[in-house]
Amino acid sequence: MRRLILLAALAVAACQSPEDEFTEGRLENLCAGTVPVCNVRAGCVLDDDDFVRGTFPGAQRYIVATDRADQRVEVRLFFTSQRFPGTELLVQLSEPGCGRAEQTRLVDIDFFARAGDDGVLDFSFDAPEKGDHLLEVFSDMSAGWLLTVDVVDE
């Protein structure tokens, strides 16, 4: 009986799609709100338990909360569809109070090739201050995607 249960568990694990693996243990946040931050509106507050789904081209805004100083915000972007790689991708995290922003801006590269076989782009930002950080993601590419954030200690 024990062997049968183990085989069934392995069969279920083997049937996971790349999307399921990317979002494992997280719930989809529909992010349909309007949360005021930095004189703009964000769709929702994201945390380690969420993922969001979206499409490019366009821009999305989220809030990421840190509960203490000197943490890092790890942002992962997984491509669910790849139609046109575009020319620009901007991922930016602002300090609480909308001060200094740390950004990664990629231009004139094939983002899909950069994501590799697993279809994932990783970004990491210092979050030296505790509080609510504005996370902005913009691209002119044509693609579907999933996004996760993790707040980790440095």
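Checking the a/c ratio against 1.5 first, then a/b against b/c, what shape does the Cα gyration tensor give for the stretch 2-153? Note, shape of the stretch 2-153 comes out oblate. Apply 1/(1 + (r/R0)^6) to the Cβ-Cβ distance of Arg41 and Asp122, taking R0 = 25 Å, and write down the FRET efficiency to the nearest 0.05. So, using R0 = 25 Å, E works out to roughly 0.40.
By the rule of a second cysteine Cβ within less than 4.7 angstrom, the chain holds isolated cysteines at Cys15. Label sites at Leu27 and Arg68, each approximated as a point 7 angstrom past Cα along Cα to Cβ, lie 2.6 nm apart.
Helix 2-14 axis versus longest C-alpha principal axis of the chain: approximately 40°, rounded to the nearest ten. Under 5 Å from the amide H of Ser142 lie the amide H atoms of Arg83, Phe84, Gly86, each residue being 5 or more positions distant or on a separate chain, with H modelled from the backbone and absent for Pro and chain starts. Simple spin-label estimate for Lys130 and Arg53 gives 3.6 nm between the two label positions (7 Å along the Cα-to-Cβ direction from each Cα).
Each value in this text was obtained by applying a stated rule to the coordinates, not by laboratory testing. Owing to the predicted nature of the structure, the values given are computational and were not obtained by experimental measurement. Note that we place each Cβ from the backbone using ideal geometry, even for glycine, and neighbour counts take in every protein chain shown.
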